[in-house]
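A short worksheet on the structure shown next.
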Amino acid sequence: MKTAVTHNPDQRNTTVLRFDWEKSDIEALFELPFNDLIYQAQQAHRAYFDPNEVQVSTLLSIKTGGCPEDCGYCPQSVHHQTAVEPESLLEVDAVVEAAKNARQAGASRFCMGAAWRNPRGRNFERVLEMVERVRAEGLETCMTLGMLDARQAASLKEAGLDYYNHNLDTSPEFYGDIITTRTYEERLDTIRHVRDAGINVCCGGIVGMGESRADRVSLMEQLARQQPHPESVPVNMLVRVQGTPLAEVDDIDPFEFVRTIAVARILMPGSHVRLSAGREQMSDEMQALCFLAGANSIFYGEKLLTTPNPEADRDRRLFERLGLRPG
Ligand code: SAM
Ligand code: DTB
Ligand code: SF4
């Protein structure tokens, strides 16, 4: 068995990280009685993290809509007729202003997302300046700009980028039903470039797109066999948007979503598991179950990129009611 001890210094864990997870191990976790699964997830969580601390990131769309990719879930694709109004890349000053507001509201990380297949030319130069200026405000920086080559990843590192988000989205088997303009292998290449440049990797997927449990197992296998594990693992619940091909897909059983969070927590115990898109559609009780299952990061603020996120007040109340602290 290939193992490695975590290097996270403030953790009292004796658990070792595994990178050799097999589909059968992951299936067995999904099949556990719910209470046993949550108990195991809690044990993994508590070995690595303060269970009452939830990391808070703020998200800003720095370039909205008009994306040439055909991701079936996404309101920003030119292939779908949605209500999103395309906007060009924001000015650096506007981004810095938004970052200051985020810091005052208690965010520790500022994530910037662009609806691109990949960044190019002058726009990329501007993005580098954004990283430098936001970092100078004392925030951790994260970007998601589409595919990167090795040189671009190195430039982002040099500018001071802390995290890069690039999701696998789903299993290799189901992927072709959702996206045809970018291959799974291209996604893995970008993740490798980010890793090689020394930037922390934020990589996860979307649940509730009509995939099977076997697909969720397979996505988790892809994530948990990366060595090191992605430092941050966003688990998005599909936000169904009118005009996208997935607008009418059936609801996933909420407990299956919670199970997916718990499995991510057990497979990658030293990583932040982010309860990302979809919180607006969840009850407070459902979110509490997700935290219990090991989610320990959220996006805070009224909007994700183009779709609604819970009001800041609702989140503040939820944290108070659950005794959670922003980390
Ligand atoms: N354009 C870049 C890319 O896709 O590589 C970065 C931005 S893209 C919007 C970031 C991620 O948001 C996607 O990979 C997907 O996982 C997530 N996402 C987009 N639309 C979503 C939706 N309707 N529901 C849930 N997650 C969504
Ligand atoms: C991620 O995994 N989820 C965030 C972030 N990475 C960039 C994006 C969610 C987007 C939801 C749809 C929208 O608001 O447009
Ligand atoms: Fe474009 Fe990203 Fe949306 Fe895909 S997910 S259409 S790449 S913005």
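In summary, helices (runs of 4 or more DSSP H) completely within segment 155-235 and bearing 2 or more residues that are in contact (Cβ under 8 Å) with a residue 12 or more places away in the chain and surrounded by fewer than 17 Cβ atoms within 10 Å (Cβ to Cβ) occur at 184-196, 213-224. Number of residues in segment 283-327 that are open to solvent by less than 10 Å² (accessible area, probe 1.4 Å) and either hydroxyl-bearing (Ser, Thr, Tyr) or within 18 Å of the chain's Cα centre (by Cα) (or both): the value is 10.
When segment 163-221 is filtered for residues that are among the aliphatic types (A, V, I, L, M) and under 14 Å from residue 153 (Cα atoms), the ones remaining, listed by number, are 188, 191, 194, 197, 199, 201. Being touching a helix residue (DSSP H, G or I) at 6+ places or on another chain (Cβ under 8 Å) and under 20 Å from residue 78 (Cα atoms): is that true of residue 239 here? Here the answer is yes, as residue 239 does meet what is asked.
Considering segment 100-130, the residues that are more than 19 Å from the chain's Cα centre (by Cα) and open to solvent by less than 30 Å² (accessible area, probe 1.4 Å) include one that is farthest from ligand 1 (Cβ to nearest atom), namely 128. Residues in segment 270-282 that are crowded, with 21+ Cβ neighbours inside 10 Å, more than 16 Å from ligand 3 (Cβ to nearest atom) and more than 27 Å from residue 17 (Cα to Cα): 279 alone. For segment 234-253, residues that are among the hydroxyl-bearing types (Ser, Thr, Tyr) and over 14 Å from residue 82 (Cβ atoms) total 0.
Among the helices (runs of 4 or more DSSP H) confined to segment 245-327, the ones with at least 1 residues that are among the acidic types (Asp, Glu) and farther than 19 Å from residue 38 by Cα are located at 312-322. Residue count for segment 54-99 satisfying the condition of being open to solvent by 70 Å² or more (accessible area, probe 1.4 Å) and either outside any loop (DSSP other than H, G, I, E, B) or of a type in the set (Lys, Arg) (or both): 3.
The values are calculated or read from the model by the stated rules, or taken from the named source; none is laboratory data. Predicted model only: the values in this text are computed from it and were never measured. FYI the Cβ positions are ideal-geometry reconstructions off the backbone, even for glycines, and counts take in every protein chain you see. Ligands, DNA and RNA are stripped out before the accessible areas are found, and what is left, the full protein with its side chains, is counted by its heavy atoms. Shrake-Rupley method; radii C 1.70, N 1.55, O 1.52, S 1.80 Å.
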